[in-house]
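*Asks:* Pasting a structure here, questions to come.
The values are calculated or read from the model by the stated rules, or taken from the named source; none is laboratory data. Nothing here was measured: the structure is a model prediction, and the numbers come from that model. Note: ideal-geometry Cβ built from the backbone for every residue, glycine included; neighbour counts use all protein chains shown.
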């Protein structure tokens, strides 16, 4: 059965370009972005892995570890990493799982037979420190992923986990947030949102970002 939002993700132990990884132990109390690739030496994925290496300081600031996956073995990854570093002008600073036995691919339902019955689709999983699945996105092979969007989603998840707000369309750091509809008591509103709020409709109330 496919993983659904809120599910606890499965643990695994698998080889990687940086040694064996026991997932729960490796993740610790961090958030994780796990993202899969159909195979090594694929052009779109080469650009993606380079971009994630460039963005790693941004993930680090958010207590997020990044973990790639491809169905090829470690020796293949080693050669591909040299190409990534050469063509993308980066140092690859995170591991790529070597899922040649498809263990992780099957656990996380990354193989979609109608797309390809042997390699993984290009999926993204955002996993919180409790090992709960918070986001999944699956991209077609022709479209590179937008990792700035994943950072934006992580910012939203971390904000809304700690404050009684949701984030509206196209929200980014510093923008107004939406007060969750369940809060109706005026005293609670004043206590939780001392910066005040603007009522557009009774169910649509905007407040400055609480942690700014």
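*Asks:* Can you name the residue in the range 40-63 that is under 15 Å from residue 82 (Cα atoms) and touching a strand residue (DSSP E or B) at 6+ places or on another chain (Cβ under 8 Å) and is also surrounded by the most Cβ atoms within 10 Å (Cβ to Cβ) among such residues?
*Replies:* Result: 49.
*Asks:* Looking at the range 182-203 only, could you name the residues that are surrounded by 10 or more Cβ atoms within 10 Å (Cβ to Cβ) and either part of a helix (DSSP H, G or I) or not assigned by TED's automatic domain parsing to the domain that holds residue 167 (or both)?
*Replies:* Within the range 182-203, 188, 189, 190, 191, 192 qualify.
*Asks:* Right, residue 2: modelled with pLDDT under 95, surrounded by fewer than 19 Cβ atoms within 10 Å (Cβ to Cβ) and assigned by TED's automatic domain parsing to the domain that holds residue 105 or not?
*Replies:* no
*Asks:* Okay, moving on. Take the range 14-39 and flag every residue that is closer than 18 Å to residue 141 by Cα and surrounded by 18 or more Cβ atoms within 10 Å (Cβ to Cβ).
*Replies:* Answer for the range 14-39, where residues must be closer than 18 Å to residue 141 by Cα and surrounded by 18 or more Cβ atoms within 10 Å (Cβ to Cβ): 34, 35, 36, 37, 38.
*Asks:* Does the range 146-153 include one or more residues that are over 30 Å from residue 43 (Cβ atoms), surrounded by fewer than 19 Cβ atoms within 10 Å (Cβ to Cβ) and touching a helix residue (DSSP H, G or I) at 6+ places or on another chain (Cβ under 9 Å)?
*Replies:* No: the range 146-153 contains no residue that is over 30 Å from residue 43 (Cβ atoms), surrounded by fewer than 19 Cβ atoms within 10 Å (Cβ to Cβ) and touching a helix residue (DSSP H, G or I) at 6+ places or on another chain (Cβ under 9 Å).
*Asks:* Give the range 39-69 a look and list any residue that's in contact (Cβ under 8 Å) with a residue 40 or more places away in the chain, outside any helix (DSSP H, G or I) and touching a helix residue (DSSP H, G or I) at 6+ places or on another chain (Cβ under 7 Å), or say none.
*Replies:* Matches in the range 39-69: 40, 41, 62, 64, 69.
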